[in-house]
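Everything below concerns the one structure shown next.
The values are calculated or read from the model by the stated rules, or taken from the named source; none is laboratory data. Fair warning: this is a prediction, and the values are worked out from it, not measured in the lab. Ideal geometry is used to build each Cβ from the backbone, glycine not excepted, and the neighbour counts take in all protein chains shown. Just the protein is used for accessible areas: all its heavy atoms, side chains included, with ligands, DNA and RNA removed. Shrake-Rupley method; radii C 1.70, N 1.55, O 1.52, S 1.80 Å.
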Amino acid sequence: MNWKNTSTKLSVQVPQIELYRRALDVEEKSVQLYEEGARTVADEATRTAFLNVAIEEKAHRQIMENIIEFVIKPEYWTENAEFGYRGEDYYL
């Protein structure tokens with residue numbers, strides 16, 4: 001038998017939340033990388049470019065944090081319209 005004739009399938013199952021956490025780690029490392037780059041360069045234009053990219057990476061980090069919260073919230077929070085806050089004038 002030859003390896004080309006085998007029908008073995010490789011299936012890797014990683015929980016969705018784990019992928020988002022890994023992406024969050026990448027974003028955090030990116031922020032650190034660009035901030036370190038800004039500290040090490042002498043040219044002001046290059047420093048500004050590094051800091052601008054770091055700001056974008058911080059925005060990506062915030063997005064990943066929000067996605068993680070969205071994904072895990074059902075595990076610890078039950079939303080119920082009956083008990084939600086509607087405001088003082090809702091029942092008038």
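Is it true that some residue in region 15-38 is part of a helix (DSSP H, G or I), modelled with pLDDT under 95, open to solvent by 70 Å² or more (accessible area, probe 1.4 Å) and of a type in the set (Phe, Trp, Tyr)?
The answer is no, given that none of the residues of region 15-38 is part of a helix (DSSP H, G or I), modelled with pLDDT under 95, open to solvent by 70 Å² or more (accessible area, probe 1.4 Å) and of a type in the set (Phe, Trp, Tyr).
Being in a helix (DSSP H, G or I) and not aliphatic (A, V, I, L, M) is the filter here, so list the residues in region 39-55 that pass it.
Once the filter is applied, which keeps residues that are in a helix (DSSP H, G or I) and not aliphatic (A, V, I, L, M), region 39-55 yields Arg39, Thr40, Glu44, Thr46, Arg47, Thr48, Phe50, Asn52.
If you scan region 39-67, which residues turn out to be of a type in the set (D, E, K, R) and open to solvent by less than 50 Å² (accessible area, probe 1.4 Å)?
Result: Glu57, single match.
Could you give me the residue pairs with C-beta distances under 6 Å whose first residue belongs to region 59-78 and is without any contact (Cβ under 8 Å) to a residue 60 or more places away in the chain and within 16 Å of Val31 (Cβ to Cβ), whose second residue is open to solvent by less than 90 Å² (accessible area, probe 1.4 Å) and among the hydrophobic types (A, V, I, L, M, F, W, C) wherever it lies, and which are 6+ apart or on separate chains?
Met64/Ala23; Met64/Leu24
Somewhere in region 81-91, is a residue at pLDDT 95 or above, hydrophobic (A, V, I, L, M, F, W, C) and part of a helix (DSSP H, G or I)? Steps first, please.
Filtering region 81-91 for residues at pLDDT 95 or above gives none.
No, the conditions are met nowhere in region 81-91.
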